[in-house]
1. Can you tell me the 0 to 90 degree angle between the C-alpha axis of helix 150-163 and the longest principal axis of the chain, rounded to 10?
2. Could you please state how large a percent of the accessible area of the range 199-294 is carbon and sulfur, counting protein chains only and using a 1.4 Å probe?
3. If I take R0 = 25 Å and measure r between the Cβ atoms of residue 156 and residue 123 in this structure, what FRET efficiency does the formula 1/(1 + (r/R0)^6) give, to the nearest 0.05?
4. Between residue 85 and residue 281, with labels modelled 7 Å along Cα→Cβ, what's the label distance in nm to one decimal, could you check?
5. Sequence gap of 8 or more, or different chains, plus Cα separation below 16 Å: how many lysine pairs satisfy both in the chain?
6. What FRET efficiency comes out for the pair residue 180/residue 77, r = Cβ-Cβ distance, R0 = 45 Å, nearest 0.05?
7. Report the label-to-label distance for residue 12 and residue 33 in nanometres (one decimal), using points 7 Å from each Cα along the Cα→Cβ vector.
8. What angle do you read, to the nearest 10 degrees and between 0 and 90, between the alpha-carbon axis of helix 260-273 and the longest principal axis of the chain?
Amino acid sequence: MLQSVKSPQGESSINIIGAGIAGSWQALLFARAGYDVTLHERGDAAMMQATSHWAGGMLAPWCEREASEPVITRLGIRSLDLWREQLPETPFNGSLVVSHPRDRTDFERFARLTTDHERLDASGIASLEPSLDGRFREALFFPGEGHVEPRTVLPKLHAKLTEAGAAIKFESDCDPDKITSGIVIDCRGLAARESGARDAYSGLRGVKGEMIVIQTPDVQLSRPVRFLHPRWMLYVIPRDGNRFMLGATSIESEDTGVSVRSALELLSAAYAVHPAFGEARILEFGAGLRPAFPDNLPRIAIDAKRISVNGLYRHGFLLAPALAELTLAYVKRGAIDNEVMDNEVMQCS
Ligand SMILES: Cc1cc2nc3c(=O)[nH]c(=O)nc-3n(C[C@H](O)[C@H](O)[C@H](O)COP(=O)(O)OP(=O)(O)OC[C@H]3O[C@@H](n4cnc5c(N)ncnc54)[C@H](O)[C@@H]3O)c2cc1C
């Protein structure tokens with residue numbers, strides 16, 4: 001899958017634009033490899049402008065197999081190693097998938113389309129998640145999967161890349177066309193469209209994902225619980241402080257409001273997972289726009305010393321480490337991964 005081309009070897013200065021999950025991982029791996037890295041972010045350290053701020057943070061390559069191409073599984077599995085290696089504190093407690101008994105066909109279909117899971121009966125579910133005792137007759141358990149809290153892990157990555165010698169500049173709105181020295185790695189997500197029509201961004205669109213954060217001390221979970229739903233894969237992800245994120249819709253729209261219908265569906269899914277969620281306090285409604293190309297696959301587009309990493313769609317946390325590793329391999333030794341590197345726009349220096 002990897003081939004070699006002439007790369008911009010010898011360049012030591014790397015400017016990365018966008019400190020979301022894609023740019024942060026690029027900055028971390030390049031800084032640890034000894035490059036002189038500057039990461040520019042137009043927002044402030046709270047990262048509210050990033051899609052990454054709204055994400056669930058699931059690291060679930062085997063569950064995602066149900067609706068994704070094999071390349072997502074391949075890169076996702078590699079990313080899990082990198083999360084473990086670079087952030088050893090990342091929780092890998094696995095994921096659970098449950099359904100209503102009436103949606104048994106969907107449950108069996110999900111089991112068939114995915115791998116690396118174990119079937120649990122009611123007592124197996126209760127021993128993993130005591131709060132779910134008596135709630136479901138069976139579940140799929142994906143023991144190798146992990147999850148991170150995006151709003152905690154982004155500052156953690158920013159601290160680590162600074163420790164590794166990179167500079168991070170917030171409130172630094174950068175136009176990649178105006179950076180004339182070194183290599184530019186463009187990780188602006190959906191905002192990459194702002195710099196005009198370029199082949200690298202053609203067809204980039206936003207896919208809305210709505211989420212809700214609730215809080216209750218009455219349910220304890222140690223891992224994401226996915227609840228099969230006829231329209232979407234809905235999930236409940238535990239966060240610190242008795243908080244839970246309910247996500248996520250997937251709507252072909254770039255509006256960032258949360259509709260009543262979506263809120264009802266997300267809240268009903270939580271209630272179906274555990275009725276105690278009915279008494280939870282609602283802390284937040286929100287929506288982010290997932291940057292996606294028409295095929296919903298990520299792309300590393302290379303145009304001389306300008307590299308664009310985009311289209312992470314619903315897999316930014318899952319794929320960012322592996323994409324950073326591939327970019328680094330290209331810059332260091334010209335290695336090309338044909339599945340994600342865009343040969344059409346590639347003109348190596
Ligand atoms: C509700 C929801 C749930 C999700 N759940 C998951 C999940 O569980 N697991 C998973 O893997 N993925 C998930 N995703 C997908 C994931 O969030 C995205 O794939 C990812 O955030 C995309 O990251 P990015 O770094 O490419 O873009 P962004 O996070 O948008 O980062 C781009 C950054 O670039 C900055 N920027 C833009 N223009 C400029 C400029 N000119 N100068 C400087 N900075 C600039 C922006 O301010 C922004 O901070 C979810 C998404 C949503 C919406």
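1. 30
2. 50
3. That pair, residue 156 with residue 123, gives E of 0.10.
4. Taking the two extended label points, one gets 4.3 nm.
5. Here the count comes out as 6.
6. Efficiency at R0 = 45 Å is approximately 0.75.
7. For residue 12 paired with residue 33, the spin-label model returns 1.6 nm.
8. 60
The values are calculated or read from the model by the stated rules, or taken from the named source; none is laboratory data. What you are looking at is a predicted structure, and each value in this text was computed from that prediction instead of being measured. Cβ atoms come from the backbone with ideal geometry, glycine included; neighbour counts cover every protein chain shown. Calculation scope for accessible area: heavy atoms of the full protein, side chains included, ligands and nucleic acids excluded. Shrake-Rupley method; radii C 1.70, N 1.55, O 1.52, S 1.80 Å.
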